[in-house]
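To start, the structure under review is shown below, and the notes come after it.
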Amino acid sequence: MTTLWEDNYRKRTVYPQLEEKILIDVAIIGGGFTGISTSYHLQQKGIQTAVLEQYQIGSGASGRNGGMLNTGYKLSPGELIKKFGLEEAIKLDKYALDSNEEVRKISEKHGIDCELVQSGHIGLSQQLGKAKAFEKSHKLVEKHFNRKTEVLTGAALRNEIKSDYFKAAFYDPLSYQFNPLKYVSGLADVAAEMGAHIFEHSKAIKINKMKDKFIVTTDKGEIHAKDLVFATDGYSNRITKELHKGIFPLASFIIGTEPLNEDLLDELMPNNRNFYDTINLTNYFRRTPDNRIIYGGSGIGYPAKLKYKQELMTLLTNTFPSLENTKIDYFWGGIIGATVDKFPVIGRTKTGAYYSVGYTGHGASQSTLHGKMVAQAIANEERINPIFENIKLKTVPLYQQKELLVSAANLYFRMMDKINN
Ligand SMILES: Cc1cc2nc3c(=O)[nH]c(=O)nc-3n(C[C@H](O)[C@H](O)[C@H](O)COP(=O)(O)OP(=O)(O)OC[C@H]3O[C@@H](n4cnc5c(N)ncnc54)[C@H](O)[C@@H]3O)c2cc1C
């Protein structure tokens with residue numbers, strides 16, 4: 001399942017396997033956006049880090065996602081205000097915008113060529129009636145978050161997407177898109193240049209907490225570190241009890257078309273936005289710089305099966321019937337870490353290790369700033385937004401049967417999405 005991003009990026013640095021014993025300030029497990037950003041920000045403070053990645057940098061969700069850096073959270077503006085109160089919701093909205101800005105600033109500062117562009121995003125619905133809910137969000141964003149969004153129906157919507165499949169939409173101009181693998185690999189190279197020790201094909205298989213240090217063991221080596229960070233999100237498995245209990249691993253899949261005629265793409269999606277369907281199990285699509293369309297969505301279980309590919313092809317042609325005979329060059333999948341609250345959490349395990357997980361499909365932008373906050377926590381500095389540390393990672397009900405539960409949850413949300421659309 002080679003991703004489009006891997007095929008487009010052949011200059012990836014190969015990092016060694018850990019084959020020795022290392023003493024370091026901070027050990028980080030997971031070489032995705034969160035782990036690499038934490039490493040980068042700690043190195044900047046002069047705190048030495050070692051990153052362990054079980055496969056290659058970006059092999060998890062960070063190198064496999066749709067590359068959409070959308071503003072906001074899985075929760076709508078109204079849900080955000082209801083859950084956290086107006087004052088916190090305003091800070092959280094700003095945090096989400098700052099997350100995108102952080103990615104932009106870092107990429108520019110270090111010349112990370114990750115095809116970052118401000119594209120805006122469009123949340124879609126097949127139901128015209130959803131325009132009312134979009135109108136509510138639009139008014140809340142304008143009044144409380146002091147920024148402009150738009151509700152699109154009819155001709156205004158047709159100007160953005162040439163499809164009769166969707167009837168109402170919500171447009172936010174402040175979102176970005178990028179090539180996620182180029183970003184995470186580029187940032188890893190920057191962290192390495194700053195002194196970070198990065199190891200690939202080095203799975204953490206055992207963790208011991210001694211009095212004043214953690215010992216992380218891999219197949220061929222060992223890291224002794226004062227602090228430990230789990231940056232394993234949807235891939236956390238049973239690495240610690242807290243994450244095993246608190247993370248829902250949701251599978252998501254993407255197809256990529258063959259390169260299409262640019263004129264056709266200009267007709268279908270002239271403004272190059274990030275699009276997603278605002279149903280529970282979000283489907284999402286966008287153009288790519290090499291003139292393809294990638295179309296993603298959530299399926300039941302992992303690894304990917306051919307029937308999900310077929311489902312995505314059906315969605316693509318439902319959206320754009322003229323693409324019926326288009327060849328599909330790519331099909332891949334990955335795992336999203338979701339929480340019961342559909343909200344990311346920064347926390348500590350009983351043994352004192354840090355974790356930052358549960359972006360629930362919004363990690364492309366938020367995980368860079370979250371990594372910065374984990375670094376602030378380790379350095380005992382004031383955090384950009386302490387609220388993420390005040391949220392408890394709730395236990396997923398019946399977590400022992402997580403695989404079954406994930407399938408049941410997917411089936412349930414699919415059913416609800418069918419009833420409501
Ligand atoms: C198909 C797909 C599409 C998505 N699209 C978008 C999108 O368009 N926009 C958006 O905002 N978000 C999207 N997401 C979600 C986003 O990619 C994630 O939120 C984000 O990448 C999380 O980053 P992370 O570094 O926390 O975790 P990951 O990138 O998942 O990294 C965790 C890493 O930990 C490693 N690991 C686990 N256990 C061990 C161990 N024992 N030892 C060593 N290493 C270990 C894994 O191999 C993995 O590389 C998508 C996700 C998927 C799967």
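Some points to look at:
- Candidates Ile207, Ile239: the one that is assigned by TED's automatic domain parsing to the domain that holds Phe33, outside any loop (DSSP other than H, G, I, E, B) and either in contact (Cβ under 8 Å) with a residue 24 or more places away in the chain or more than 10 Å from the ligand (Cβ to nearest atom) (or both) is Ile207.
- No other residue among Gly32, Gly111 is open to solvent by 10 Å² or more (accessible area, probe 1.4 Å), in the same structural domain as Ala379 (by TED's automatic domain parsing) and either closer than 24 Å to Lys136 by Cα or at pLDDT 95 or above (or both) apart from Gly32.
- Some residue of segment 310-318 being in the same structural domain as Thr257 (by TED's automatic domain parsing), hydroxyl-bearing (Ser, Thr, Tyr), open to solvent by 30 Å² or more (accessible area, probe 1.4 Å) and without any contact (Cβ under 8 Å) to a residue 12 or more places away in the chain: yes
A quick yes/no check of all residues on (1) within 16 Å of the ligand (Cβ to nearest atom); (2) open to solvent by less than 50 Å² (accessible area, probe 1.4 Å); (3) among the polar types (S, T, N, Q):
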| position | (1), (2), (3) |
| --- | --- |
| Ile328 | yes, yes, no |
| Asp341 | yes, yes, no |
| Ser365 | yes, yes, yes |
| Val374 | yes, yes, no |
| Ala377 | yes, yes, no |
| Arg383 | no, no, no |
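- Looking only at segment 47-84, residues that are more than 7 Å from the ligand (Cβ to nearest atom), over 30 Å from Tyr171 (Cβ atoms) and open to solvent by 50 Å² or more (accessible area, probe 1.4 Å) come to 2 in all.
- Helices (runs of 4 or more DSSP H) (entirely within segment 2-91) containing at least 1 residues that are of a type in the set (Ser, Thr, Tyr): 33-44
- Residues in segment 104-125 that are outside any helix (DSSP H, G or I) and out of contact with any helix residue (DSSP H, G or I) (no Cβ under 9 Å at 6 or more places or on another chain): Val117, Ser119, Gly120, His121.
- Residues that are under 27 Å from the mean Cα position of the chain (by Cα), assigned to a helix (DSSP H, G or I) and farther than 29 Å from Ile81 by Cα, drawn from segment 138-183: Pro180, Leu181, Lys182, Tyr183
- For segment 147-194, the candidate set comprises residues that are in contact (Cβ under 8 Å) with a residue 12 or more places away in the chain and acidic (Asp, Glu); within that set, the residue that is most open to solvent (accessible area, probe 1.4 Å) is Glu150.
- Subset of segment 195-220 (residues that are farther than 18 Å from Gln48 by Cα, buried (at least 23 other Cβ atoms within 10 Å of the Cβ) and touching a His at 6+ places or on another chain (Cβ under 9 Å)): none
- Exactly one residue out of Asp164, Asp172 is farther than 30 Å from Thr2 by Cα, within 16 Å of the ligand (Cβ to nearest atom), not assigned by TED's automatic domain parsing to the domain that holds Asn318 and not β-branched (Val, Ile, Thr), and it is Asp172.
- Residues that are over 29 Å from Ser252 (Cα atoms) and assigned to a strand (DSSP E or B) within segment 215-236 comprise Ile215, Val216, Thr217, Glu222, Ile223, His224, Ala225, Lys226, Asp227, listed in sequence order.
The values are calculated or read from the model by the stated rules, or taken from the named source; none is laboratory data. It should be emphasised that the depicted structure is a prediction, and the values quoted were computed from it without experimental measurement. No Cβ is skipped: glycine too gets one built from the backbone with ideal geometry, and neighbour counts run over all protein chains shown. Side chains are part of the model used for accessible areas, which takes the heavy atoms of the whole protein and leaves out ligands, DNA and RNA. Shrake-Rupley method; radii C 1.70, N 1.55, O 1.52, S 1.80 Å.
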